[in-house]
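No value in this document is a laboratory result; all are computed from the given coordinates. Source: prediction; values computed, not measured. Don't worry about glycine lacking a Cβ; one is built from the backbone with ideal geometry, like all the others, and counts go over all protein chains shown.
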Amino acid sequence: MAERIKTGIPGFDQIIQGGLIRNSVNLLSGGTGTGKTIFCLQFLFNGAKEFNEKGVYLSFEESVEDLKSDAAELGLNFDSVANKVKIIHIPLHNITSVSSLLKDEISEFKPKRLVIDSLSAIAMPMEDDFERRKEINMVKEALKNMDCTSILVSEAPSEGGMGTESIGEFSRFGIEEFMCDSLIVLYYAGIGGESDRA
């Protein structure tokens, strides 16, 4: 039976048989405002605080200050785990290959948990689906060789407003979910006439 690592996110580990499979590459999909960033911040913070595991948050969009501010609003003080969690912001125009970045910048730190936010941003500059598949596959192989459990964030297409995803569409290009080990989808669900995250 595959070894699993707990995310520490309340209620989540119970519904996925105890946690994410160790050394797996997991796609986290959802529309704007569904909680993708919160999920990832909790995954890394809990890993450091509760399970003594190093983590890296690699952001191509939000700044380090913004991510720490978002986390602080949830009571997650990343300064208290600064020796175990690195939050790195790199504008996409500053890199040529994400897989090379992973090998050069992050492998030395040896994280057990890694977040890449977002896969959509990495794939967008590619000319076609073949190039996107190639880049995503190179990223996946690099992650597997690093012996860490990773979450790749994907912005899902949405219709009719914030967080209302099109049925069956989990990624911007429709290929990302087929290249990862598992798919986690966050969305807004109408429960008893109210909108709630699920």
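Between a residue in region 2-25 that is closer than 26 Å to residue 141 by Cβ and any residue that is assigned to a loop (DSSP other than H, G, I, E, B) and among the acidic types (Asp, Glu), which pairs come within a Cβ distance under 7 Å, given they are 6 or more apart or on different chains?
Final answer for the pair search is 21/181; 22/3; 23/147; 24/181; 25/181.
I'm trying to understand the selection: among the residues of region 54-75, which are surrounded by 19 or more Cβ atoms within 10 Å (Cβ to Cβ) and not in a helix (DSSP H, G or I)?
Of everything in region 54-75, those that are surrounded by 19 or more Cβ atoms within 10 Å (Cβ to Cβ) and not in a helix (DSSP H, G or I) turn out to be 54, 55, 56, 57, 58, 59, 60.
So is residue 97 over 17 Å from the mean Cα position of the chain (by Cα), surrounded by 14 or more Cβ atoms within 10 Å (Cβ to Cβ), of a type in the set (Gly, Ala, Ser) and farther than 24 Å from residue 32 by Cβ or not? If you could, list the steps in order and put the result at the bottom.
On the way: over 17 Å from the mean Cα position of the chain (by Cα): yes; surrounded by 14 or more Cβ atoms within 10 Å (Cβ to Cβ): yes; of a type in the set (Gly, Ala, Ser): yes; farther than 24 Å from residue 32 by Cβ: yes.
So residue 97 fits the description; yes.
Only one of these is of a type in the set (S, T, N, Q) and over 19 Å from residue 150 (Cα atoms): 97, 69. Name it. Steps first, please.
On the way: 97 fails: over 19 Å from residue 150 (Cα atoms).
Just one listed residue meets the conditions, 69.
Name the residue that is farthest from residue 54 (Cα to Cα), counting only residues in region 102-111 that are touching a residue at least 24 places away in the same chain (Cβ under 8 Å) and surrounded by fewer than 18 Cβ atoms within 10 Å (Cβ to Cβ).
Only one residue tops the list, namely 103.
For the list (1) outside any loop (DSSP other than H, G, I, E, B); (2) surrounded by fewer than 18 Cβ atoms within 10 Å (Cβ to Cβ); (3) not acidic (Asp, Glu), I need the number of the one condition that residue 1 fails.
(1) is the only condition that residue 1 fails.
Hey, can you tell me all the residues within region 25-75 that are basic (Lys, Arg) and out of contact with any Phe, Trp or Tyr (no Cβ under 8 Å at 6 or more places or on another chain)?
36, 49
Just checking, does region 86-94 include any residue being outside any strand (DSSP E or B) and surrounded by 18 or more Cβ atoms within 10 Å (Cβ to Cβ)?
The answer is no, given that none of the residues of region 86-94 is outside any strand (DSSP E or B) and surrounded by 18 or more Cβ atoms within 10 Å (Cβ to Cβ).
Quickly run through region 14-38 and pick out the residues that are assigned to a helix (DSSP H, G or I) and surrounded by 17 or more Cβ atoms within 10 Å (Cβ to Cβ).
Once the filter is applied, which keeps residues that are assigned to a helix (DSSP H, G or I) and surrounded by 17 or more Cβ atoms within 10 Å (Cβ to Cβ), region 14-38 yields 36, 37, 38.
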